[in-house]
Amino acid sequence: MSQTVIFKVRMSCEGCVGVVKAALETLEGLESIDINMSEDKVIVKGEVKAEEVLEAVSSETGKKVSLWEAEPKSADIVEAPTPVPQQVEAEAKPEEDNAAVAA
């Protein structure tokens, strides 16, 4: 089953992009690679597992690789309701009787 794996890997030049691409091209089941160097973002599509993608790039390039943190879509954002302050009535404490107890 085809899936999309999006991950982050630091790339500072076209050489970095080439090394990452070469590492990914060794994967079986790969359908496409989309690399955005300015965002350090790589999108891989195919019959691949995320763990295999990350391992291939990490071991072949020596670079730190992590899954891309998805930004929530505006439809997925639910704002928590603002809490309404409740008035708490102070409990009346019975006054203590200070009368001396006769022995």
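Worth a mention:
- All positions within segment 25-55 that are more than 14 Å from Leu67 (Cβ to Cβ) and within 22 Å of the chain's Cα centre (by Cα): Ile33, Asp34, Ile35, Asn36, Met37, Ser38, Glu39, Lys45, Gly46
- Conditions (1) modelled with pLDDT of 80 or more; (2) under 24 Å from the mean Cα position of the chain (by Cα); (3) not in a loop (DSSP other than H, G, I, E, B); number of the one not met by Ala75: (1)
- Residue list for segment 4-28, restricted to those being outside any helix (DSSP H, G or I) and either loosely packed, with under 14 Cβ neighbours inside 10 Å or in contact with a Ser or Thr (Cβ under 6 Å, 6 or more places away or on another chain) (or both): Thr4, Lys8, Arg10, Ser12, Cys13, Glu25, Thr26, Glu28
- Taken together, Glu31, Glu51 contain a single residue that is exposed (fewer than 14 other Cβ atoms within 10 Å of the Cβ), among the charged types (D, E, K, R) and part of a strand (DSSP E or B), which is Glu31.
- Residue satisfying all of: in segment 56-67; farther than 10 Å from Val9 by Cβ and surrounded by fewer than 17 Cβ atoms within 10 Å (Cβ to Cβ); farthest from the chain's Cα centre (by Cα) among these: Glu60
- Those residues of segment 1-26 which are farther than 18 Å from Glu39 by Cβ and in contact (Cβ under 8 Å) with a residue 12 or more places away in the chain, in sequence order: Met1, Ser2, Gln3, Ala22, Ala23, Thr26
- Selection within segment 34-48 - in contact (Cβ under 8 Å) with a residue 40 or more places away in the chain and assigned to a loop (DSSP other than H, G, I, E, B): Glu47, Val48
The values are calculated or read from the model by the stated rules, or taken from the named source; none is laboratory data. Note that the structure is predicted; figures quoted are calculated from it, not measured. All Cβ positions, glycine included, derive from the backbone under ideal geometry; neighbour counts span all protein chains shown.
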